[in-house]
Amino acid sequence: MKDPAVLLYVNDWLNSTASMDSDCRGWYLNLILHNYDKGSLPNDIEKLAVLCNVKFSEFQRFQQVFEQVLKQKFDENEDGTISNPRTQQILRAREVFKDKRSDAGKKSYLSRYFQKKFPQQFKKKAIKEFVMDHLDTSVDLKNEQILEQMFEHVFELYRNENENEDVNKDLNSLKVIIPSENEFLEFVKSWMTQNNKDFESKKTQIITKYQTWVDAGWKDGFGNEIKNWKLKFQNVEPHLRKDFNNGQSNSFKTKSNGTGLRQSVER
């Protein structure tokens, strides 16, 4: 997006236009403003005259002034256009400033997001500073999966660069990312709904599975650390029993009462 205003340094302007006539100064200002707006100017006297609103009766004067005075204020670019060196310097500085400001805004958002998503890791100042210094702010900030993958990648890089035993001891305790029960259930319900699965019929088993993983230090039944719990649950879900089968509670079963009829008795 273009800047709505330009940086015109008073001393630079006064010094560079001190010997100019008033009409020359006015045309020069127009060229400078168009240079700011367009990034460069056409290297064509007639097109430049149009940009400066030169009247037909003034064209010969404009052409003379440009050749004798204004032409020295512009350099020719590789693409054949011309631009004012000082203007280009200011434009480049503005781009750098805007990029830094945009980058700072993105990092501020990522810091808040990771603080909320990975509170255990962000308790350690060294880890937080390392992560924030190695983030790629060009990624899609609306894609949470990409953000989580980026964090895990940078976090693992930190672990690899800090091989000190004491540091790794601290990191090992921080590595496991355990979601809250609400976060876990919200994801599970959303995922099951999207895949036409009945969340309510397995809710008890789902909560039990979550508590089992938590009690085991966020490890599965084989003692393996659960790194991607969302994918882990998706693989486990088909093996979970339903709380109700055909409308009949699992806490009941049927047996014959000797009369040809079957009755339900509590297990």
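Give, in nm to one decimal, the length gained when the segment between F56 and E225 is fully stretched (0.36 nm per residue of separation minus the Cα-Cα distance).
On the way: separation 169, 0.36 × 169 = 60.84 nm, distance 8.08 nm.
Stretched fully, the F56-E225 segment lengthens by 52.8 nm.
The label-point distance for D140 and D23, in a model that sets each label 7 Å from Cα toward Cβ, rounds to 5.8 nm.
Return the subset of K124/K209; K38/K71; K142/K230; K100/K142 for which the Cα-Cα distance in this structure is over 23 Å, preserving the input order. Provide the component values of the computation, followed by the final result.
Numbers: K124/K209 30 Å; K38/K71 18 Å; K142/K230 18 Å; K100/K142 20 Å.
Cα-Cα > 23 Å for K124/K209; rest within.
In summary, the aspartates and glutamates within cross-link reach of K128, defined as a Cα separation below 19 angstrom excluding same-chain residues under 8 places away, comprise D103, D136, E144, E148, E152, E156, E161, E163, D166, D170. In the stretch 107-133, which residues have a backbone nitrogen under 16 Å from the label point lying 7 Å from K232's Cα in the Cα-to-Cβ direction? Once the point is set 7 Å along Cα→Cβ of K232, nothing inside the stretch 107-133 turns out to lie under 16 Å by backbone N. Amide H to amide H, with H built 1.01 Å from N, I82 comes under 5 Å of L41, N43, N77, counting only residues 5 or more places away or on other chains. Across the stretch 80-95, coupling constants 3J(HN,Hα) worked out from phi with the 6.51/-1.76/1.60 Karplus curve, θ = phi - 60°, read x, 7, 10, 7, 7, x, 5, 4, 5, 5, 5, 4, 5, 5, 5, 5 Hz, and Gly and Pro carry x.
Laboratory data are not the source of any read-out in this text; all were calculated from the coordinates shown. The model shown is predicted, which means the values in this text are computed figures rather than measured ones. Here Cβ is always computed from backbone atoms with ideal geometry, including for glycine, and neighbour counts include all displayed protein chains.
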